[in-house]
Amino acid sequence: MGVKFSDSNRWIQFSLNGANFALASAEEAAGIAPKGAMVVFEVDSPEEARARVPEFGARVVAERDVGDHGRTLAALDPAGNSIQFFCRAARPGEGNR
């Protein structure tokens, strides 16, 4: 696994066969304190993710602007498992997200 991105001791992201795997500190959990692993889905629109979360019985519990990286949306599923949605910030020439 090659290191794709590292933010001191807060976040490290690896690239593995075209997929990403990351380890994060508790403060990176966008307002929730997950126990164990947390799945993060990359989405094109945080607004669309926010609208669809209740369709699956989950509820949004926090949102976070992570600056030049993008935005995250944290949710809990009916069993209390943490889920995050990440929307990457638009790069110059990509348009708005």
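The values are calculated or read from the model by the stated rules, or taken from the named source; none is laboratory data. Fair warning: this is a prediction, and the values are worked out from it, not measured in the lab. Heads up, the Cβs are rebuilt from the backbone with ideal geometry, glycines too, and the neighbour counts pull from every protein chain shown.
Condition test on Glu48, is it charged (D, E, K, R) and at pLDDT 85 or above? Full working, then the answer.
Values: charged (D, E, K, R): yes; at pLDDT 85 or above: yes.
In short, yes.
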Original post:
Going through region 38-53 one residue at a time, which ones are in contact (Cβ under 8 Å) with a residue 40 or more places away in the chain, exposed (fewer than 15 other Cβ atoms within 10 Å of the Cβ) and not small (Gly, Ala, Ser)?
Top reply: Val39, Phe41, Glu42, Asp44
**OP:** List every residue pair whose Cβ atoms sit under 9 Å apart, with the two residues 6 or more apart in sequence or on different chains, where the first one lies in region 54-70 and is without any contact (Cβ under 8 Å) to a residue 12 or more places away in the chain and within 14 Å of Ile83 (Cα to Cα) and the second, anywhere, is in a strand (DSSP E or B) and among the aliphatic types (A, V, I, L, M).
**Re:** Pro54/Val60
Original post:
When you scan region 41-90 for strands (runs of 3 or more DSSP E) that lie fully inside it, which ones turn up with 1 or more residues that are closer than 20 Å to Phe21 by Cα and among the hydroxyl-bearing types (Ser, Thr, Tyr)?
Top reply: 70-76, 82-88
Subject >> Unmet criterion (only one of (1) surrounded by 11 or more Cβ atoms within 10 Å (Cβ to Cβ); (2) modelled with pLDDT of 85 or more) for Asp68 >> reply: (1)
